[in-house]
Amino acid sequence: MSGRDTHRKAQMPKSKIRTRLAPSPTGVPHVGTAYQALFGYVWARKNDGSFILRIEDTDRERSSKASEKAIIRALRWLGLQWDEGPDVGGEYGPYRQSERLEIYSKHVSQLLKEGKAYPCFCSRERLAEMRKTRRSGADTGYDGLCRSIPASEAQKRMESGESHTVRLKSPQDGECVFTDLLRGEVRKDWRSVDDQVLLKADGYPTYHLAVVVDDHLMRISHIIRGEEWLNSVPKHVLLYRYFGWEMPVMCHLPLLRNKDKSKLSKRKNPTSIGFYRDTGYLPRALLNYLAMMGWSHPEGEEKFDLENMIDLFELEKVTLGGPVFDVDKLRWLNARYIREDHTPEELVDLLQGWRLNRQTLVRIMEISQGRLQTLSDWGPLTSLFFADDVRPDPADLRACGLEERELREMLQLLVWKLESVQDLDIDTISIELREMADKLGLKLRKLTAPLYVAISGKTSSTPLFDSMAILGPDISLVRLRRALEALGGTSKKQRKALEKRYRDLFEKSG
RNA sequence: GACCCCAUCGUCCAGCGGUCUAGGACACCGGCCUUUCACGCCGGCAACACGGGUUCGAGUCCCGUUGGGGUCGCCA
C-alpha cells in the first residue's frame, strides 16, 4: 500500500465534522472562494456536520462591509447555506474577526509571557531594506533582529508605548512534518520558516494567529482551503503546539488556473461570482462545474446536483493537478441545465428574475426612449444589456482620438480605479471618470469615447454612466478588461510603471 | 533565487501492478437528422513529460531530470 493510501484512510471522524469558509472581505467574491466553499460545504453535509462562515476582516485598510455583503450575497445565490456565521449567529461567535480582538490579544499575551513570542520594534523601512538585501539569497524572511533584545528591555520599550508588532518564535533547526489529507506527509525545514508577525502594530492579529485561534475555538475539524496556504502550515503547527491544541485535519485544495496555468486571475478570466450570475449562468450549473474540477462522479456522470454530490463525495478522492477554468465547458453544462431541467415557462421566470423584469426594463427604457423612432429600435439599441459577447472592435477603440498607448494606460488606470470603489452607481462613476480625466489632463469625452466601445461594443450607445450602473460592476469591469485585452493588453513591465503612476495620481494627493 | 506542491489527450476527469492496442466529457473535424441554426445521434483526431530503478510484469511503486504552479508582507 502506498503512503498516499495510508494517510487517506483512517480519517473517520471522532467527533462532529465542522468545516468553515473564511473569506476576507477585501474585494469582489471570487469563484475560487466558491470552489473552496463547495468542498467544505459538501464535506460537512455529507457527515452531518456543520459548515461555518467566518469573516476574516483583520486587514483594516482593505476590508469593507460592502465586500462582506457581496460575499454573503454571492454564496446565498449559489445556495451554499452555512449553519453558523456573522449573519445567522451560532454558539461559537462572533464570526467576524474584527469582533474577536480581545480573544487574540489574550492569546498573544500568553505566548509573550511564556517566551514563545517576542515584540519586534523594526520599522517598515528597515524590513523593506532587509528584504532588498536578502532578495535573491537562500533565506528570505525576517532576520530575527528583535529576537535577541533582552526581555527586560523589550518590556520597557513596550511600556513606553513604542510601536511594535509581536512575532512568533520559530525553531532554528530541525524539520516540521505535518500531514495533508491529500498529499500525505509534507516536510519543511524550520530554518526556512521565519518569525511570523502575529499581532500587527495596530493591535489587529495577522491571518496566521487569527486562523489558528479561531479554528480551534470554533472546533473546526477539517481545514479545507487553497493550496497557497500550504507553505504557512508550519507556522500554524507551531501555534497549535505552543497552545497545546490538537491539529484539525489539513486539506489543501488545488488552485483554479487560467488557460496558461497560472493562478486564476481577473486579468485573464472573469473571476467574480457576480459576473456569472449577471451573465445568466445558473447557480446549479456553476456549482456542478466547480465540483468537476478535482472531483469526479463515480458513475462518470458529468451532470449532477448538490444532493447527489453530497451522497457520493469523498474528500480523499480530490485530484491535485491545478484545473484550468474552462468557460466553454461551463457554458456547455449550463446549456444542459437550461434545456434539460426547465420548461419554457420556467425559463421565462428565470429571465424575469434576471434582467427582463419591469423594474430593470423601466430603467433601461428611461435611457432608451429618446433614441427610439420605432419600438423595434429598442432591441438593437439595448442588446448590450442582454449579451455577454460584446466584443469591441480594436479599430473602433483606436478611432477615439487617443494614442494607443495612452488609451491602454487610461483603460488600465480606470479598471484599477473602478475596482477600488464600493458601489458603482451613477454618481460614483461620474465622479471617478471626471477625476480621472482631470488628472490625466484630458477632456471627459476623450476618455468616455472608448468606454462606449468597451461597454457596448458599438461607437454610440445609451448613456455611459447609466449603462454601466445597470450592467453592474462585475460585467462593466470585465468589458473594460476585455477592451484592454483587445488592444493587446499590457506587459508586466508596463503594469509596474502604471501602478506607480496610479499611486502618484491617486494616493499621494489623496 | 530558495523552499514547498504537482505532472494521463489542447482542457476537465477515469485508471488505484496484469483485463491499457489507455476510457468518458468539453473543444475541434467529418457524417446523419433537419426549412436555417442549435439540440440529438454516429464517427474521427488526440495523452501516460523524460531517464533510471523495483517487479515475472509499471500509466499505476521508488529515485532523479525536466516542466508547471505556489510561497517567501505589520495581505489574506
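Restricting the search to the stretch A:63-82, which residues are buried (at least 16 other Cβ atoms within 10 Å of the Cβ) and over 17 Å from the mean Cα position of the chain (by Cα)?
A:Trp82
Is one or more of the residues making up the stretch A:490-508 buried (at least 16 other Cβ atoms within 10 Å of the Cβ) and without any contact (Cβ under 8 Å) to a residue 40 or more places away in the chain?
Scanning the stretch A:490-508 turns up no residue that is buried (at least 16 other Cβ atoms within 10 Å of the Cβ) and without any contact (Cβ under 8 Å) to a residue 40 or more places away in the chain.
With the requirement that a residue be farther than 15 Å from A:Ala437 by Cα and buried (at least 21 other Cβ atoms within 10 Å of the Cβ), what does the stretch A:394-414 give you?
Scanning the stretch A:394-414 gives a single hit, A:Leu397.
For residues in the stretch A:14-27 being away from RNA strand B (no atom under 13 Å from the Cβ) and in a loop (DSSP other than H, G, I, E, B), which is farthest from A:Ile220 (Cα to Cα)?
Within the stretch A:14-27, the subset away from RNA strand B (no atom under 13 Å from the Cβ) is A:14-19.
Add one more test, that the residue is in a loop (DSSP other than H, G, I, E, B), and what stays is A:14-17.
Numbers: A:Lys14: 13, A:Ser15: 10, A:Lys16: 9, A:Ile17: 7 Å.
By that ranking, first place goes to A:Lys14.
Can you tell me how many residues in the stretch A:207-259 are near RNA strand B (Cβ under 10 Å from one of its atoms), within 25 Å of A:Lys317 (Cα to Cα) and not in a strand (DSSP E or B)?
13
Within the stretch A:177-201, which residues are more than 6 Å from RNA strand B (Cβ to nearest atom) and within 25 Å of A:Thr58 (Cβ to Cβ)?
A:Phe178, A:Asp180, A:Val193, A:Asp194, A:Asp195, A:Gln196, A:Leu198, A:Leu199
Return a yes/no flag: does the stretch A:430-444 have any residue that is closer than 23 Å to A:Arg503 by Cβ, over 28 Å from the mean Cα position of the chain (by Cα) and part of a loop (DSSP other than H, G, I, E, B).
Taking every residue of the stretch A:430-444 in turn, at least one turns out to be closer than 23 Å to A:Arg503 by Cβ, over 28 Å from the mean Cα position of the chain (by Cα) and part of a loop (DSSP other than H, G, I, E, B).
Residue check: is A:Leu315 near RNA strand B (Cβ under 9 Å from one of its atoms) and either hydroxyl-bearing (Ser, Thr, Tyr) or within 24 Å of the chain's Cα centre (by Cα) (or both)?
no
Six or more apart or on different chains, Cβ under 6 Å: which pairs go from a residue in the stretch A:467-489 that's aliphatic (A, V, I, L, M) to one that's modelled with pLDDT under 95 and outside any helix (DSSP H, G or I)? Could you list them?
A:Ala469/A:Asp425; A:Ala483/A:Pro392; A:Ala486/A:Pro392
This table checks each residue for (1) in a helix (DSSP H, G or I); (2) more than 21 Å from the chain's Cα centre (by Cα).
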position: A:Ser265; (1), (2): no, no
position: A:Lys268; (1), (2): no, no
position: A:Ala285; (1), (2): yes, no
position: A:Gly294; (1), (2): no, no
position: A:Glu301; (1), (2): no, yes
position: A:Leu356; (1), (2): no, yes
position: A:Gln359; (1), (2): yes, yes
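Picking from A:Leu217, A:Leu168, which residue would you name as being of a type in the set (A, V, I, L, M, F, W, C), closer than 24 Å to A:Asp57 by Cβ and crowded, with 21+ Cβ neighbours inside 10 Å?
A:Leu168
Just the residues that are within 15 Å of RNA strand B (Cβ to nearest atom) and in a helix (DSSP H, G or I), please, taken from the stretch A:43-75.
First pass over the stretch A:43-75, keeping only residues within 15 Å of RNA strand B (Cβ to nearest atom): A:52-64, A:67-68, A:70-71.
Those that are within 15 Å of RNA strand B (Cβ to nearest atom) and in a helix (DSSP H, G or I): A:Ser67, A:Glu68, A:Ala70, A:Ile71.
Output the residue which, of all residues in the stretch A:209-253 that are touching a residue at least 12 places away in the same chain (Cβ under 8 Å) and small (Gly, Ala, Ser), is nearest to A:Ser192 (Cα to Cα).
Filtering first and then ranking leaves A:Ser232.
Scanning the stretch A:38-62 for residues that are among the basic types (Lys, Arg) and more than 13 Å from A:Asp214 (Cα to Cα), which turns out nearest to the chain's Cα centre (by Cα)?
Only one residue fits best here, namely A:Arg62.
The values are calculated or read from the model by the stated rules, or taken from the named source; none is laboratory data. It should be emphasised that the depicted structure is a prediction, and the values quoted were computed from it without experimental measurement. In this analysis, Cβ positions are derived from the backbone assuming ideal geometry, glycine residues included, and neighbour counts consider all displayed protein chains.
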